Amino acid sequence: MHRPFYYLFDEDDYKRFIKQVMKQFRSSEEYTIWRNNRNRDKCAATGMTSCDNGTPIEVHHFGKTLWDWVEYILNFFYLENLPLNSFYVCLILNELHSNDCISYIPLTHCIHKMLHTDYKATVTLYPNILNNIHPENMELSDKIIKNYINFLKIILKEEEEHVEQ
C-alpha cells in the first residue's frame, strides 16, 4: 500500500517541503477567506485607511511568520517520528488560523517590508504597531496540533494493522 506520507532526509528536503506547504496554504481558498475576514480597515502603524490614498491594507503574520508556524507544526511530527504530508500540515495551518490562534496585524505592504528589513527601526518609527497586534493563542495551538498528531497516529496504526492481516 502506498501512503501519501513520507519522511524528509536532509535540509534541502526540509526547506522544499516548507516552501511547498506555504505555497499550497497561501493559494488555498481557506486562507483567502481567513485574510478577507480580518479587520483591514486601517494600517496599525500609520493609521492610514485604504480610502485615504487607495493603498490596500493587508493582513500579515506577526511574530511567527508562516514559515515559523510550519516549522512549529513539523516539530510535533518529529517528536512522534511521524511521516509528513503537505495537505495534512495545511489542514493544521487552516485549523490554527480558523481558531484565531495566529498573531497578525493589518499593515500596508511598505510597512510590512520595513518590519522585515529593520524591525527595531520600524517599531521605533511606528510604536502603534505593538498596540495593534492580534495576539496568538499558543495554548489552543498546541492542543489543536496535538489532536491532529494523535489522529494521525491512530490512522497510521489502523492502517498498519490492516496491512498485517
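The values are calculated or read from the model by the stated rules, or taken from the named source; none is laboratory data. All of these numbers come straight from a predicted model, not from anything done at the bench. Cβ atoms come from the backbone with ideal geometry, glycine included; neighbour counts cover every protein chain shown.
Structure values in brief
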{"quantity": "Residue identified as touching a residue at least 60 places away in the same chain (Cβ under 8 Å), in contact with a helix residue (DSSP H, G or I) (Cβ under 6 Å, 6 or more places away or on another chain) and surrounded by 12 or more Cβ atoms within 10 Å (Cβ to Cβ) among I133, I145", "calculated": "I145"}
{"quantity": "Check on Y31, more than 12 Å from the chain's Cα centre (by Cα) and either free of Cβ contacts under 8 Å to residues at least 12 places away in the same chain or part of a helix (DSSP H, G or I) (or both)", "calculated": "no"}
{"quantity": "Subset of region 45-76 [among the hydrophobic types (A, V, I, L, M, F, W, C), surrounded by 15 or more Cβ atoms within 10 Å (Cβ to Cβ) and closer than 20 Å to N137 by Cα]", "calculated": "V59, F62, L66, W69, V70, I73, L74, F76"}
{"quantity": "Residues satisfying the stated conditions in region 77-126, i.e. polar (S, T, N, Q) and either part of a helix (DSSP H, G or I) or under 20 Å from R26 (Cα atoms) (or both)", "calculated": "N85, S86, N94, S98, N99, S103, T108, T117, T122, T124"}
{"quantity": "Criterion: modelled with pLDDT under 95 and touching a Phe, Trp or Tyr at 6+ places or on another chain (Cβ under 9 Å) - qualifying residue of N128, N85", "calculated": "N85"}
{"quantity": "In region 92-114, the residues that are surrounded by fewer than 20 Cβ atoms within 10 Å (Cβ to Cβ) and either out of contact with any strand residue (DSSP E or B) (no Cβ under 7 Å at 6 or more places or on another chain) or without any contact (Cβ under 8 Å) to a residue 12 or more places away in the chain (or both)", "calculated": "N94, E95, S98, N99, D100, C110, K113, M114"}
{"quantity": "Search result, residues across region 77-91 that are in contact with a Pro (Cβ under 8 Å, 6 or more places away or on another chain) and exposed (fewer than 15 other Cβ atoms within 10 Å of the Cβ)", "calculated": "F87"}
{"quantity": "Qualifying residue in region 40-60 (condition: farther than 18 Å from K113 by Cβ and hydroxyl-bearing (S, T, Y))", "calculated": "yes"}
{"quantity": "Candidate set from region 34-44 (those that are surrounded by 15 or more Cβ atoms within 10 Å (Cβ to Cβ) and in contact (Cβ under 8 Å) with a residue 40 or more places away in the chain); member that is nearest to the chain's Cα centre (by Cα)", "calculated": "W34"}
